[in-house]
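Undergrad: Here it is, the structure in full.
No value in this document is a laboratory result; all are computed from the given coordinates. This one's a predicted model, so the numbers in the text were calculated from it and none came from an experiment. Note that each Cβ is placed from the backbone with ideal geometry, even for glycine, and that neighbours are counted across all protein chains shown.
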Amino acid sequence: MRQDKFMWKLVQVAVLASVFWPGPSLAAPSSASVQPPGGTGSYADLQALELELRRYMVPAFTSSVVLDSGAKVGEDYADTLMAAKLRGLFVFEQRLSTMNVAAWPRTQQVDYLAVKSLLNGYRFNLEVLRPWKRDPGFYLDPLLKVAFSDIPSVNAKLIELRVQLRQIAPMLRHARSRLTEPAADYADLALLNLENSDGVNHYHPYRATPPAGIIGWYDDMLARARASKSPLVPDVEAARAAVVEFRDWLKAERPRITASAGVGARRYEWYMRHVRMVSYTIPEMLTLADREHSRLTGDLALIRHRNRDLPALALSRTKAEQDVKIARTDKEVRDFLKTQEIVTIPKDIGPLGSNTPFIVRPTGPNFWEKIQFRDPIPDHLHAVIPGHRFDAELADRDRRPIRSGFADGVRLEGWATYLEEALMTAGAVKSPRAEEYIKLFGIFRAARVPADIRMQQNQWKVVDAVAYMRRMTPWLDEDVARVDAEIYLRRPPGYGVAYTIGKLQVDALLAERSMQLGPKFVLRDFHDEFLAAGQLPIALIRYQMTGAPQAVAPFWSTPPIPAS
């Protein structure tokens, strides 16, 4: 009886979102375009094409391949090479259009659309984003991974690190010749990251005083190399000097860098529809996010009123104290998921850690830490179990040729964000105060939507997005807001909207599936089936689970990318 009550609450929450299922709200596709192609290619041909496409594009979008492989730096990211890659995509598109998708079962049609999404994303990167020309950070991102390295004493590892260190100077010299269209916001973020700690230090090694940016981390590496009398000292010194030289060059160039970083409204909507396979328009997403923000902020006011006479939860003061909280939370969550039949947890999935390591900051805890060091459950649900880390464990076990290599950001963040409030509604959150923190998480997620969209529309700079998110989110500090703004501007479009918009898609699918199955609906089966579909765009999962043709009607035809 108790489980039925919780399940009904979940359905009630989801029904409210079900009316927002995206239809073809951009230019309506023609009747011919909403049908799968009926050519001659087989599903085996699709699998072969997807593998060939990934191999074709792998070197194109991460400068870390230079450091990882010792490739000839001058040959990577040349305009002629990237133009050739772009031309080559046309062949893949032609082959994809000849598949006999209309005759395939639904699961194979879903795989076809996933490959189509992948191909469209590659085209967008090569045609619009062009990070090797526009973003100095493209060349800086892999440098931290090198600086974090332990100073090896084993000869083989020492040689490997030396190769990476010696690639840094030529890579950065090459970057200066390739950055012919840098964007102002990208340049400012690169300069900031070169000289300043981000104040968040996601997955950085712990330091009581965080090093001052990328240059600071090379100072840290140099000090460790000197302390161990490593033969790598000259290589670290040369790498550091190259990073400083790049910083000085970028500072000198900055007055002449005026280009905008965002992709523009029309291209943003194209990307959301044909790569992320989300059919909401910009006005629709802004309306949904505004409604979510208002709802969650009102909920927070009501919950705080309810809790007004309860003592505040204390921040953990030591790592040991926080470890106890995490262990207790993990056990309570796992017990809840099992006893309340929420989702199937394979018996061999053990501890999955925590997403917020305990550290003592000179400036005090940031937004995430203010919450997690009081009660770890919000991010444990989102990022550990049954969220990201559990999701990743299941993905690692997936051996399907196409789905095992696919990870859509809206699906990843939508599922994890859905879990926060859904499992609170179902009864997973034991502390009344922690319910406040769940709402704070949701408020921040909703505030990201306008920040992402307005930056990509070139209506806001990073500083504007930071100011907006801080104004709309209690407890949010500048460092966390700035790191978020950088992620949503520099990643492919739509990552900032993924949390709230993806969550609403999962809510709506829960409602639709419960109404479709009626008395046969089982919450655990719904979650298991959703996860088993893989990390595909949620619209594709909806089509597979419900068979609703309107779920994928906008995606069978792909128009050219609009002009800026």
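Undergrad: Which helices of the chain meet both criteria: a Cα extent of 20 Å or more along the helical axis and a mean Kyte-Doolittle score no lower than 0.5, with helices taken as whole DSSP H segments?
TA: Span-like helices, by this rule, are absent here.
Undergrad: Given labels modelled 7 Å from the Cα in the Cβ direction, how far is it in nm from R308 to K430?
TA: Distance between the two pseudo-spin positions: 2.8 nm.
Undergrad: What is the local net charge at G199, summed over the other residues whose Cβ is closer than 9 Å to its Cβ (Lys, Arg +1; Asp, Glu -1)?
TA: My count for the surroundings of G199 gives -2.
Undergrad: Based solely on its DSSP helices, what 222 nm [θ] is calculated for the chain when runs of n ≥ 4 H residues each add -39,500 (n - 2.57) and the sum is averaged over all residues, nearest 500 deg cm²/dmol?
TA: For the chain, the value works out to -20000 deg cm²/dmol.
Undergrad: Starting from the Cα of Y206, move 7 Å in the Cα-to-Cβ direction to define the label point; list residues of the range 308-324 whose amide nitrogen is under 18 Å from there.
TA: Those under the cut-off are 315-324.
Undergrad: Could you grab the relative contact order for the chain? Cα pairs under 8 Å, six or more apart, rounded to a whole percent.
TA: Answer for the chain is 23 percent.
Undergrad: Among rounded, prolate and oblate, which fits the range 394-475 when a ≥ b ≥ c are the square roots of the eigenvalues of its C-alpha gyration tensor, a/c under 1.5 means rounded, and a/b larger than b/c means prolate?
TA: The shape class here is oblate.
Undergrad: Go through 397-409, 152-164 and give me the packing order, highest mean Cβ count within 10 Å leading.
TA: Output ranking for 397-409, 152-164: 397-409, 152-164.
Undergrad: May I ask for the distance between the Cα centers of the range 307-374 and the range 86-158, given as a whole number of Å?
TA: Centre-to-centre (Cα) distance: 34 Å.
Undergrad: Distance from the Cα centre of the range 480-508 to that of the range 445-479, in angstrom?
TA: With the range 480-508 and the range 445-479 each reduced to a Cα centre, they are spaced 11 Å.
Undergrad: Beta carbons within 10 angstrom, averaged per residue: use that to sort the peptides 115-127, 232-244, highest first.
TA: 115-127, 232-244
Undergrad: Please give the length that would be gained between A407 and E93 if that part of the chain were fully extended, namely 0.36 nm times their separation in residues minus their C-alpha to C-alpha distance (nm, one decimal).
TA: Additional length available on full extension: 111.0 nm.
Undergrad: Report the relative contact order of the range 137-256, percent, no decimals, based on alpha-carbon pairs under 8 angstrom and at least 6 residues apart.
TA: Computed over the range 137-256, the figure is 35 percent.
Undergrad: How do the peptides 219-226, 462-469, 551-558 rank, highest first, by the average count of neighbouring beta carbon atoms within 10 Å per residue?
TA: Most protected by this proxy first, the peptides run 551-558, 462-469, 219-226.
Undergrad: Cα-based Rg of the range 137-256 per 2.2 N^0.38 Å, rounded to two decimals?
TA: The reported ratio for this selection is 1.07.
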